[in-house]
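Student: The structure under discussion is supplied below as structure tokens; questions concerning it will follow.
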Amino acid sequence: MEHPMLDTWTRIDTLGDHVGKTVTLKGWLYNKRSSGKICFLLLRDGTGIVQMVMSQSDVPAGIYDSYHELTPESSIEATGVVKEDKRAPGGYEIGLSDLKIVSIAEEYPITPKEHGADFLLQRRHLWLRSRRQQAIMRIRAELIRAIQDFFDQQGFMRLDAPIFSPSNCEGASTLFSVPYFDHGEAYLTQSGQLYAEAGAFALGRVYTFGPTFRAEKSKTRRHLTEFWMIEPELTFADLDDIMDLAEDLISFFMERVLQNRAADLETLERDIESLRKIRRPFVRMTYDEALEQLKRIGGGPEWGQDLGATDETLLSSQYDRPLLIHRYPLQAKAFYMKPDPTDRRLTLNMDVLAPEGYGEIIGGSQREDDLDSLVSRMEEEGIPKEPLEWYVDLRRYGSVPHSGFGLGLERTISWICGLKHVREAIPFPRLMDRFYP
RNA sequence: UCCCCGGUAGCUCAGCUGGUAGAGCGGGUGGCUGUUAACCACUUUGUCGGCGGUUCGAGUCCGUCCCGGGGAGCCA
């Protein structure tokens, strides 16, 4: 699309369309090198990085001398001829003819050498400028786009759930509370699912996409206190339907990311071959089968306990594609999950574990659609009914079988990008002891 | 909440059984017409996380607190 106002200069990612022509670029100095009478300036503009070459013999002295003034991350406007050059990492370079300094940067704290996690997180606003972080953010954007396209194509409608929620309804996680006028405490949502169920009863197939919050004191590479979740909810759908849907979704976005963001995956030095293997069908097993297998390879909890992180890693490392584990013990799972009619000790739920130790990226279930069963389950779990009357109502007015799941965006990004920690998968991570910047 | 690891120059780290602190990078100056985390020479930089203790002497040993990292539980 043409944007006359925005297209007065050229973006680095479109240089291929301008070979041989003189263009103006705007951005920041990524790095510079010189060997006396020739110098190299690396320009970064958010769409890529290009090397600009300037010879003392080709440009006015005033412009050539500005090389010495320029510091890393200084902002500049540069004009020059686009040249194809095999020596240049991106395939193109700029033969510089004019250079205008917009602003000289103070000494930039982030150098091309290694830094520790604390140092970088404290400077996240600057860290995002690095090649690697840019690549992750582009993949994040691509993934979000792919997920939305997938659901749109499948006839889902996006319906957003509220962030303020009236009660700690699921009882499971510790929630953040905030004062809410004269109504006491409100809580930051830990999931949009219950609202998605209401939405599905109105619109058939919906998905929510928004931030969720957990006040758990989890200090691990897989946890954030604020993370984004995509939660599809479908009426007239059972457990098998959402297992199929989860496989389709993952296959779809993986293909899209591989197709459109290969260069970024390369920047991240991600092993692309292992991502190419992510195609249907995935591996499926029941909780009981998972336990059996864990016993063979040494591990596993007592029957009835949820699988621990170590067990999940152990299990999923046996396969090169995602693993779906379904039908967990009822006692380990939430009240809204429907018991398996063939074995009422089990629920009709499933988790999807990503390969390579990235752990649980999806959790979902068929929902309890029977009024009496839901109410008695809530009583057993000691869940206050009053704040959830609206949720129970859904079973009073035309209840139908329905199912859904939640996909953790940052964990999925971590997996795709091969990150060591989810904190790199979100622009400004919120962690237990860190909410700056 | 519990367990493990760490805190030394702006950054990343080394510093043995205690003897008064070092490298690389960065910064600065100079050199180089094809550099790719450029290179070469010279140069600059410290309340060794805080407090207390042991000792003739503590970056090093002990106690304690603070901060950070990883993991468990819980979860996406």
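None of the figures in this text is laboratory data; all of them are computed from the coordinates on show. For clarity, every value in this text was computed on a predicted model and none was experimentally measured. Every residue, glycine among them, receives a Cβ derived from its backbone with ideal geometry; neighbour counts consider all protein chains shown.
Student: Return the Cα extents of the stretch A:294-387 along principal axes one, two and three, sorted largest first, each rounded to a whole Å.
Tutor: Taking the Cα atoms of the stretch A:294-387, the three principal extents are 43, 25, 23 Å.
Student: Just report the Cα centroid separation between the stretch A:384-415 and the stretch A:55-82, whole Å.
Tutor: Between the Cα centre of the stretch A:384-415 and that of the stretch A:55-82, the gap is 58 Å.
Student: Another question about this same structure. Normalised by the number of residues in chain A, what is the relative contact order in percent for Cα pairs under 8 Å and 6+ residues apart?
Tutor: Working: 829 pairs, mean separation 58.4, N = 437.
So the answer I get is 13 percent.
Student: Dipole of chain A (Lys/Arg Cβ +1, Asp/Glu Cβ -1, origin at the Cα centre): which of A:331, A:202, A:314 lies farthest to the positive side?
Tutor: It is A:314.
Student: Which Cα, out of A:34, A:79, A:54, lies furthest along the positive dipole direction of the stretch A:1-155 (beta carbon charges, K/R +1, D/E -1)?
Tutor: Farthest along the dipole direction, towards plus: A:34.
Student: Mind listing the long-range amide H neighbours of residue A:430? Cut-off is under 5 Å, sequence gap 5 or more, other chains count too, H placed in the peptide plane at 1.01 Å from N.
Tutor: Excluding prolines and chain starts, which carry no amide H, the hits are A:225, A:226.
Student: Mean residue ellipticity at 222 nm from the helices of chain A, using -39,500 (n - 2.57) per DSSP H segment of n ≥ 4 over the full residue count, to the nearest 500 deg cm²/dmol?
Tutor: Value at 222 nm, helices only, nearest 500: -8500 deg cm²/dmol.
Student: Let me ask something else about it. Under DSSP H, which helices of chain A have Cα atoms covering 27 Å or more of the helix axis and a Kyte-Doolittle average no less than -0.5? Present the calculation step by step, with values, prior to reporting the outcome.
Tutor: Numbers: long enough: A:131-153 (33 Å, -0.53); A:239-260 (32 Å, 0.29).
Sorted by number, the helices that extend far enough and score high enough are A:239-260.
Student: Another question about this same structure. Please identify, among A:264, A:182, A:340, the residue showing maximal mean-square fluctuation in a Gaussian network model of chain A using a 10 angstrom Cα cutoff.
Tutor: Per the Cα network of chain A with a 10 Å cutoff, A:182 tops the list.
Student: So, one more: For residue A:284, what residues show an amide H to amide H distance below 5 Å, using hydrogens built from the backbone and excluding near sequence neighbours?
Tutor: Counting only residues 5 or more places away or on other chains, the set is A:324.
Student: Counting DSSP beta bridges with both partners in chain A, what percentage is antiparallel, nearest 5?
Tutor: Working: 69 of 78 bridges.
In chain A, DSSP labels about 90 percent of beta bridges as antiparallel.
Student: Between residue A:393 and residue A:108, what FRET efficiency follows from the Cβ-Cβ distance if R0 is 41 Å, with the result rounded to 0.05?
Tutor: Working: r = 57 Å, r/R0 = 1.39.
It comes to 0.10.
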